[in-house]
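Chemist: Here it is: the structure, laid out below.
What follows draws every value from the coordinates through simple rules; no lab data is involved. Remember, it's a predicted structure, so these values are computed and weren't measured experimentally. Note that each Cβ is placed from the backbone with ideal geometry, even for glycine, and that neighbours are counted across all protein chains shown.
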Amino acid sequence: MREELIVSGRLNRLIDPYLQIWHWHIPLYLFLGGLAAGILFFAALVTIQGKENKYPTAARIAPFITPILLSFGLLALLLDLNHKLYFWRLYTTIRIESPMSWGAWTLMVVTPLSLIWCALNIKEIFPKWDWKYPVLISVEAFFRKHLLIISWVMLVFSLILGVYTGILLSAFNARPLWNTSILGPLFLTSGLSTGAAAIVLMSRNHLERHYFAKIDLMLIGIEVFLIIHMFMGFLASTQVHIEAAQLFLGGPYTTIFWLFVFSLGLVIPAILEILELRGFKMPYWLAPTLVLTGGIMFRFIMTYAGQASRWLY
């Protein structure tokens, strides 16, 4: 008699009937990381363009929340780990083919850069701030002298951080909903959009708000384009990808996605921004608040719906 041993994880309560390993920690981190990336990108871009005085909120004030965003995002990641004391092992090697390795090292660069940026602009928040010690004054002078180089480094790494939040999901080929190359650019665009929305929300400068409302409007258009083409790609692909798309096209995620993400998070803010740019009196906080709400809901929905999609039925 021939015996065969079959090893399967299908009886694991976290896998069958569908994957339930990633909970609120991961989508919260994806949102906070993307938002921080968007804010830092615009801070670096405005500085490189020499428009810090024209757009002070983007260049000097909004970046102050990025260390807080990154800290809470990293805390969410830490809480998600089963073996929390061994997180440092991510930094014992560099694996080019691993999205998590890319993310770990990118955060290692972006987090101190955000702190340096805050230190260089701290007098915008606290005008009487004094570094007191000569060594700290010398360090500040050194970084200020090389501000343009720091800006370029932060620009590049903020883009990597923004696109990584999408690649982290798309690297999981076993989840058909995540198995698309559009996810990286889509998450990057969404992160930039939420970053622009946060700047509009924080700014008290009418010219600055209008400028970033125009940028956000353009980014919303790109998001809509990418979302539509993502579903077109799914519907033109294999049966499992069609079934993954159907989660949003008549399935359990249809209402919550098209109402709260696509409509309230993208279309309506775009209409409000167009009306405001045309001179209509609109509450300046409404459109960016909807964009931020839609951004976080998008990540929660994509994370949970992606785990519900699968190859085996």
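Chemist: Obtain the radius of gyration and the Kirkwood radius of the chain from its C-alpha atoms and give Rg over Rh.
Modeler: Ratio value, two decimals: 1.03.
Chemist: Can you sort 230, 154 so the residue with the fewest Cβ neighbours within 10 Å comes first?
Modeler: 230, 154
Chemist: Hey, what do the phi angles of the stretch 124-139 turn into as Karplus ³J(HN,Hα) couplings, whole Hz, using 6.51/-1.76/1.60 and θ = phi - 60°, x for Gly and Pro?
Modeler: 5, 9, 10, x, 8, 4, 9, 6, 6, 7, x, 5, 5, 5, 5, 5
Chemist: Along the charge dipole of the chain, Cβ charges K/R +1 and D/E -1, which of 230, 173, 206 sits furthest on the positive end?
Modeler: The Cα lying farthest towards the positive end belongs to 206.
Chemist: Enumerate by residue number the trypsin sites (Lys or Arg not before Pro) in the stretch 94-157 meeting two conditions: DSSP loop (anything except H, G, I, E, B), and at most 15 other Cβ atoms within 10 Å of the site's Cβ.
Modeler: Answer by residue number: 95, 128, 132.
Chemist: Short version: what are the Cα gyration tensor semi-axes of the stretch 33-107, square root of 5 times each eigenvalue, largest first, in whole Å?
Modeler: Those come to 31, 15, 8 Å.
Chemist: Let me ask something else about it. Rounded to the nearest 20 debye, what is the charge dipole size of the chain about its Cα centre when +1 sits on each Lys and Arg Cβ and -1 on each Asp and Glu Cβ?
Modeler: Charge dipole, the chain, about its Cα centre: 620 debye, nearest 20.
Chemist: Distance from the Cα centre of the stretch 89-136 to that of the stretch 145-214, in angstrom?
Modeler: 17 Å
Chemist: Among 67, 90, 266, which residue has its Cα positioned farthest towards the positive end of the charge dipole of the chain, with +1 placed on the Cβ of Lys and Arg, -1 on the Cβ of Asp and Glu, and the dipole taken about the Cα centre?
Modeler: Value computed over the given set: 67.
Chemist: I'd like the FRET efficiency for residue 153 and residue 54, computed as 1/(1 + (r/R0)^6) with the beta carbon distance as r and R0 of 22 Å, rounded to 0.05.
Modeler: Here the calculated transfer efficiency is 0.45.
Chemist: Cut-off under 28 Å on the C-alpha distance; same-chain residues fewer than 8 positions from residue 145 excluded. Which lysines are left, in chain and number order?
Modeler: 51, 54, 123, 128, 132
Chemist: Extension gain residue 254-residue 140, at 0.36 nm per residue separation less the Cα-Cα distance, in nm?
Modeler: 35.9 nm
Chemist: Pick from 71, 237, 101 the residue whose mean-square fluctuation is largest in a GNM of the chain, springs joining Cα atoms under 10 Å.
Modeler: In the Gaussian network model the winner is 237.
Chemist: Continuing with the same structure: Hey, rough spin-label estimate for residue 84 and residue 207, points 7 angstrom out along Cα→Cβ, what's it come to in nanometres?
Modeler: Placing both labels 7 Å along Cα→Cβ, they lie 4.9 nm apart.
Chemist: For the chain, what is the relative contact order in percent, using Cα pairs closer than 8 Å and at least 6 residues apart in sequence? Let's see the in-between values first.
Modeler: On the way: 398 pairs, mean separation 72.8, N = 313.
Relative contact order, the chain: 23 percent.
Chemist: Taking the Cβ of each residue in 130, 80, 216 as the centre, tally the other Cβ atoms inside 10 Å and list the residues starting with the fewest.
Modeler: Sorted ascending by nearby Cβ count, the order is 130, 80, 216.
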